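The block underneath contains the structure these notes are about, expressed in structure tokens.
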Amino acid sequence: MAHSANSKGRVIFHIDMNCFYASVEMAHNPELKGKPIAIAGNPEERKGIIVTSSYEARAKGVKTTMPVWQAKKLCPDLLLMRPNFDRYREASRAIFKMLSEITPLVQPVSIDEGYLDITDTKELGTPVEIADYLQQRILKELDIPCSLGIAPNKFLAKMASDMRKPLGITILRKRELASTLWPLQIEEMHGIGAKTAEKLKKVSIHTIGDLAAHDVYSLKQLLGVNGERLKNLANGIDYRPVDPEAVHDFKSIGSSQTLAHDSTDWDELHQLLEHLVENVAKRVKRKSAAGKSVQLMIRFHNHQTITRSKTLQKYIDEKKDILFVAKELLKKHWNEEPVRLLGVSLQNLEEKRQVGEQLDLFTYRDNVKKEKLYETMEELTDKYGKNVFLSLNSEKDKEQQPRTSFQKDFLDDYKKP
Ligand SMILES: [Mg+2]
């Protein structure tokens with residue numbers, strides 16, 4: 001078992017906590033161990049949904065996103081709890097800190113999941129030894145079980161970590177694809193959701209192996225550029241680097257431009273602002289994101305630069321909304337000195353899908369009303385109508401496993417002292 005996963009290419013880990021929220025609760029209160037527990041948005045309400053559950057609950061059929069009433073029917077002795085996000089964040093931070101002690105090449109992808117590139121970490125041991133060390137350390141110090149996948153790239157590592165739970169360590173080598181990856185049903189492939197799976201089945205692609213062998217041109221016709229990308233993944237081809245800054249990248253999208261000449265003309269500045277915002281809104285949409293703060297940067301003729309921002313109660317992604325705030329900032333903070341450059345960015349970005357879920361957790365009434373999230377939800381509902389959560393969730397949720405992670409803001413907190 002203990003030889004190197006790959007002597008030449010990269011060695012990538014995917015690490016995934018098992019039943020993370022439930023595990024954190026069990027670590028916090030060991031009396032819960034061995035019992036069917038579930039975290040729900042609101043355990044008291046019939047409308048509450050299951051966010052995550054322990055293996056004991058899963059064994060009875062309890063699933064993420066299932067309504068609480070249904071879960072209780074399947075598992076009458078189910079212990080329901082509200083989420084304690086501070087607790088989960090703290091555990092997550094501790095985990096990523098441990099990972100970063102192995103290598104700085106850690107890319108958190110959600111509260112309980114991330115990639116590591118350990119290609120140049122050979123002095124610490126074989127990949128399996130390092131994986132084992134991490135798994136044991138997280139279990140011993142935090143009482144949280146995890147599974148690791150070891151592979152030459154992110155996709156295979158992700159598939160591998162899913163193969164043994166809980167407390168699995170799985171190596172997936174390229175030469176093993178035919179025996180381990182290709183027999184899997186197409187729905188089990190990371191990045192393929194129900195909708196895509198349905199399309200693929202119509203052309204007789206039922207397993208990952210069928211996809212790997214399928215003609216690339218007809219795949220492109222069926223799924224566009226994604227068709228080729230998925231075929232490559234199915235063949236174990238994935239060049240994406242482990243990017244420790246990826247969390248940052250997602251937090252803000254901005255655009256700036258220098259004027260042809262220093263300007264004190266409000267109309268000219270306004271026009272430029274509109275152009276910049278249009279740019280930002282387009283890119284925000286492409287990422288299926290929404291943001292909560294707008295930042296304006298003004299550089300004056302003398303190179304003095306100021307940045308001013310405003311944080312909102314709700315997430316926005318529309319050009320007109322971003323422009324409204326940006327204009328407000330310019331009106332308020334421009335001292336009429338000649339301007340050389342303007343910049344606008346939308347910050348505190350979240351995937352729309354996550355914004356939707358975040359709200360979902362607190363959807364239902366009473367003491368929840370105090371939550372700011374609830375206000376956000378009301379505002380969104382006012383603006384887009386009652387179906388906003390459906391529309392935020394629909395497409396991508398079908399494309400991927402339901403996600404239960406909260407915000408990404410804190411995911412690089414582990415770097416702070
Ligand atoms: Mg997990």
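The values are calculated or read from the model by the stated rules, or taken from the named source; none is laboratory data. Predicted model only: the values in this text are computed from it and were never measured. Cβ atoms come from the backbone with ideal geometry, glycine included; neighbour counts cover every protein chain shown. Protein only, heavy atoms only, side chains kept; ligands, DNA and RNA dropped before computing areas. Shrake-Rupley method; radii C 1.70, N 1.55, O 1.52, S 1.80 Å.
Using θ = phi - 60° and the Karplus curve 6.51 cos²θ - 1.76 cosθ + 1.60, what whole-Hz ³J(HN,Hα) does each residue of region 314-321 get, with Gly and Pro shown as x?
Karplus-based 3J(HN,Hα) across region 314-321 equals 10, 7, 10, 8, 7, 3, 5, 6 Hz.
Once label points are set 7 Å from the Cα along Cα→Cβ at both SER263 and THR65, what is their separation, rounded to one decimal in nm?
4.6
Once a ≥ b ≥ c are taken as the square roots of the eigenvalues of the Cα gyration tensor of region 21-85, is the result rounded (a/c under 1.5), prolate (a/b larger than b/c) or oblate (a/b not larger than b/c)? Show your work: numbers first, answer last.
Numbers: a/c = 1.89, a/b = 1.28, b/c = 1.47.
Oblate, since a/c reaches 1.5 and b/c is not below a/b.
Sort 295-307, 213-225 by packing, meaning the average of other beta carbons within 10 Å per residue, with the highest value first. Display every interim value, and only then the final one.
On the way: 295-307: 15.5, 213-225: 13.5.
Answer by packing, highest mean first, reads 295-307, 213-225.
Checking a compactness column here: for region 177-234, what do you get for Rg(Cα) / (2.2 N^0.38 Å), N being the number of residues? Present the calculation step by step, with values, prior to reporting the outcome.
Details: Rg = 10.0 Å, N = 58, 2.2 N^0.38 = 10.3 Å.
For region 177-234, the normalised Cα radius of gyration comes out at 0.97.
Which one, THR258, VAL203, GLY193, projects farthest toward the positive side of the charge dipole computed for region 169-268 from Cβ point charges (K/R +1, D/E -1)?
Going by the Cα projections, it comes out as VAL203.
Near ASN84, within a Cβ-to-Cβ distance under 10 Å, what is the net charge of the other residues, with Lys and Arg +1 and Asp and Glu -1? Spell out each step's value before the answer.
On the way: positive: ARG82, ARG87, ARG89; negative: GLU25, ASP86, GLU90.
Charge balance near ASN84 sits at 0.
Between THR307 and ASN226, how many nm apart are label points set 7 Å from Cα along the C-beta direction?
Modelled inter-label distance: 3.3 nm.
Quick one: with all protein chains in place, what share of the accessible area of region 177-234 is carbon or sulfur, to the nearest percent (1.4 Å probe)?
Values: 1650 of 3020 Å².
C and S fraction of accessible area: 55 percent.
Quick check: residue separation of LYS35 and MET81 times 0.36 nm, minus the Cα distance between them. What number comes out in nm? Intermediate values should be presented prior to the final figure.
Details: separation 46, 0.36 × 46 = 16.56 nm, distance 1.26 nm.
Taking 0.36 nm per residue and subtracting the Cα distance, the gain is 15.3 nm.
Less than 12 Å Cβ to Cβ from ALA326, Lys/Arg counted +1 and Asp/Glu -1: what total charge do the surrounding residues give? Each step should come with its number before you reach the end.
Details: positive: ARG308, LYS310, LYS319, LYS320, LYS327, LYS331, LYS332; negative: GLU274, GLU278, ASP321, GLU328.
Net charge around ALA326: +3.
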